[in-house]
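Student: Supplied in structure tokens, the structure appears directly below.
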Amino acid sequence: MPGDKSISHRALILAACAIGKTKINGLLESEDVNATRICLQKLGVQITKENGKSQNNHKDKAITQKENGCYYVFGAGIDALQEPKDILDCGNSGTSARLLAGLIASRKFNAVINGDKSLRQRPMDRLFKYLKPLGIQPRLQRKKFLPLSLGGIQTPLPIKCKLQSPSAQIKSALLLFALAAQGVSKISEPFPSRDHSERMLLLFKANLKIEKDEQNNEKNITKINTPNTNTNRKLIIKGGKALIAPEVINIPGDISSAAFFILAATICKNSEILLRNVGVNPTRMGFVQTLIEMGADIHISHIKNTKSNQSQHEEALEPTADITIKSAQLNGVTVPAERAASMIDEYPALAMAAASANGKTVMMGLEELRIKESDRIEAIKKGLEKCSLHCEQEKDTLTIVGAELGQKNIKLKEKNISINAYGDHRIAMSFITLGLALSANDEKNIIIVDSAEAIATSFPDFIQRMQKIGANVREIQ
Ligand code: S3P
């Protein structure tokens with residue numbers, strides 16, 4: 001699988017802020033991560049690529065981390081970052097924009113951050129509402145959007161706040177700001193979101209303490225402890241301590257990219273796929289957990305980096321595992337709102353699983369989906385309706401009545417159904433995967449998905465990898 005996108009962004013940014021050289025193995029080479037890398041280079045950080053070295057030792061059928069890059073980042077500390085001569089263009093990447101804004105908010109110099117049409121419609125004020133009380137005064141387009149101009153702070157003050165939405169981007173941006181703040185910042189997180197930043201900050205020896213108030217209320221059916229949806233966590237970080245570059249960071253395969261292969265193997269008959277070295281961080285396992293509840297045949301093995309008695313060092317590592325998936329008939333389930341953060345990018349894929357299942361699937365607590373790369377609730381609903389699949393939306397709940405794909409013969413009304421993916425990579429990959437199952441059901445069923453070029457933001461060789469495992473999919477101009 002391609003390297004994890006969230007972890008790749010963070011590895012580049014923290015390595016750029018640290019003292020010393022960091023080798024990053026398996027960095028995702030996609031448009032989003034390239035945007036972060038180029039912005040950091042504009043901030044004066046030297047980043048080089050090791051030439052021609054493949055990470056792939058397995059020559060068998062398994063899908064592994066092959067084309068991911070090996071990079072060296074030469075950090076000289078946060079204070080060595082320089083005023084960029086040019087606009088910092090984050091392209092389509094919300095993670096680049098939010099994380100870099102958090103970092104630059106503590107700098108004395110000024111910078112302008114911009115993005116593509118989709119990113120310019122996504123709110124940035126959700127970060128600045130926590131920073132404005134500390135005197136940070138960004139100039140934002142229409143009060144909350146990119147482009148934004150920022151910087152010029154002499155003395156960054158520590159943050160004391162309680163997060164109001166389960167956003168890892170906002171949490172991470174605030175942690176980056178807090179690294180340079182003069183004093184102790186306390187960020188409390190009532191709903192757990194992905195914790196890659198916290199793990200990586202520990203790896204870089206930041207002065208970070210994590211206080212958890214834990215009572216596990218989710219059943220553990222994935223072998224990986226799924227996140228405790230009731231966990232109240234407090235992140236206590238003392239600013240001013242230099243980050244120390246670890247020698248090497250190994251980026252695991254991206255569970256959010258793996259989700260499309262897990263979906264494909266589950267809903268296409270007679271399939272079996274083995275995915276190697278995928279990140280199985282508990283804060284990202286909601287999709288796998290939900291599919292298992294629906295009856296999917298998913299086996300997790302070779303789990304690494306999870307110890308019951310975690311020391312600080314072990315807590316810093318990202319758990320990985322191999323995942324084997326076989327075709328299965330799914331049944332509809334109700335997915336609770338508390339699970340949303342642990343599968344926030346996987347709802348489009350889950351919607352396709354739900355559309356193939358027996359019975360009704362209800363997904364609750366989806367309000368964050370409206371402000372992703374597209375309004376994903378709308379995009380899912382419109383696409384499924386085009387395929388004559390039943391989907392209802394009420395406020396932040398999506399209900400899908402499954403078409404029993406494995407048992408019934410589904411014939412699409414028109415010969416070629418065109419799906420609008422609204423320039424959103426995950427919507428495009430989800431409908432392509434549904435198309436595979438529909439065409440396996442009846443070869444006359446053909447789905448044409450637009451915006452396929454958007455897939456390059458997270459998974460540049462998605463189509464080639466699908467073709468390699470026998471998927472009947474091709475690009476048309
Ligand atoms: C991400 C966090 C999520 C996710 C996005 C990547 C990150 O966004 O949707 O694709 O890397 O922190 P939010 O934290 O805003 O929910």
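Student: What list of ³J(HN,Hα) couplings, whole Hz, do you get for the stretch 390-397 from phi and the Karplus terms 6.51, -1.76, 1.60, once you set θ to phi - 60° and write x for glycine and proline?
Tutor: 8, 9, 10, 10, 9, 6, 9, 10
Student: Positive end of the dipole of the stretch 60-177, charges at C-beta (+1 Lys, Arg; -1 Asp, Glu), about the Cα centre: which of Ala80, Cys161, Leu100 has its Cα farthest in that direction?
Tutor: Going by the Cα projections, it comes out as Cys161.
Student: Same structure, new question: Tell me which residues come under 5 Å, amide H to amide H, from Asn232 once H is placed; ignore anything under 5 positions away on its chain.
Tutor: The list, which skips near neighbours in sequence, is Asp213.
Student: Taking only the Cα atoms of the stretch 380-454, how large is their convex hull per residue, in Å³?
Tutor: 85 Å³
Student: Something else about it: Taking loop as defined by DSSP and a crowding limit of 16 other beta carbons within 10 Å, which trypsin sites (Lys or Arg not before Pro) in the stretch 368-426 fit?
Tutor: Hits after loop and neighbour filter: Lys395, Lys408, Lys411, Lys413, Lys415.
Student: Show the residues, 5+ positions off or on another chain, whose built amide H is closer than 5 Å to the amide H of Gly69.
Tutor: Hits under the 5 Å cutoff: Gly26, Leu27, Glu29.
Student: What number comes out for the charge environment of Lys415, summing +1 per Lys or Arg and -1 per Asp or Glu over other residues with Cβ under 12 Å away?
Tutor: Once positives and negatives cancel, what remains is 0.
Student: Does the chain classify as rounded, prolate or oblate by the C-alpha gyration tensor (a ≥ b ≥ c root eigenvalues; a/c under 1.5 gives rounded; else a/b over b/c gives prolate, otherwise oblate)?
Tutor: prolate
Student: Taking a label point 7 Å from the Cα of Ile371 along the Cα→Cβ vector, which residues of the stretch 73-99 have an amide N closer than 17 Å to it?
Tutor: 93-99, by backbone N distance to the label point.
Student: Are any of the pairs Lys42/Lys468; Lys162/Lys304; Lys21/Lys117; Lys372/Lys415; Lys160/Lys209 more than 26 Å apart by Cα-Cα distance, and if so, which?
Tutor: Beyond 26 Å: Lys42/Lys468; Lys162/Lys304; Lys21/Lys117; Lys372/Lys415.
Student: Right, another one. In debye, nearest 20, what is the charge dipole magnitude of the stretch 255-468 about its Cα centre with +1 on Lys and Arg Cβ and -1 on Asp and Glu Cβ, if you could check?
Tutor: 560 debye
Student: Sticking with this one: Using the Cα centre as the reference, give the magnitude of the dipole from point charges on the C-beta atoms of the stretch 5-250 (Lys, Arg: +1; Asp, Glu: -1; all else neutral), rounded to the nearest 20 debye.
Tutor: 500 debye
Student: Still on this model: Going toward the positive end of the dipole of the stretch 296-391, with +1 on Lys and Arg Cβ and -1 on Asp and Glu Cβ, which of Ile380, Tyr347, Ile323 do you reach last?
Tutor: Result: Ile380.
Student: How much of the DSSP beta bridge set in the chain is antiparallel, as a percent to the nearest 5?
Tutor: 75 percent
Student: If R₀ is 51 angstrom, what is the calculated FRET efficiency for the pair Lys241 and Asn472, using the beta carbon separation as r and rounding to 0.05?
Tutor: 0.40
Student: So how strong a dipole does the chain carry about its Cα centre when Lys and Arg Cβ are +1 and Asp and Glu Cβ are -1, to the nearest 20 debye?
Tutor: Rounded to the nearest 20 debye, it is 1040 debye.
Student: Which GluC sites (Glu not before Pro) does the stretch 405-477 hold that lie in a coil by DSSP with at most 14 other beta carbons within 10 Å?
Tutor: In loop regions of the stretch 405-477 (DSSP not H, G, I, E or B), the sparsely surrounded GluC sites (Glu not before Pro) are Glu414, Glu443, Glu475.
Student: Once you keep just the Cα pairs under 8 angstrom separated by 6 or more residues, what percentage relative contact order results for the stretch 5-250?
Tutor: Contact order relative to length: 21 percent.
Student: Expressed as a rounded percentage, what relative contact order does the chain have, with Cα pairs under 8 Å and six or more residues apart?
Tutor: 13 percent
Student: Right, something else. Taking neighbour Cβ counts within 10 Å as the exposure measure, how do Arg10, Arg284, Arg98, Arg107 sort from fewest upward?
Tutor: Ascending number of Cβ neighbours within 10 Å: Arg107, Arg98, Arg10, Arg284.
Student: Under 14 Å from the Cβ of Gly183, count the other residues' Cβ atoms, weight Lys and Arg +1, Asp and Glu -1, and hand me the total.
Tutor: +4
Readers should treat all values here as calculations from the given coordinates under stated rules, not as data from a laboratory. Just so we're clear, the structure is a prediction, and the values are computed from it rather than from any experiment. Virtual Cβ from ideal backbone geometry, glycine too; neighbours counted across all protein chains shown.
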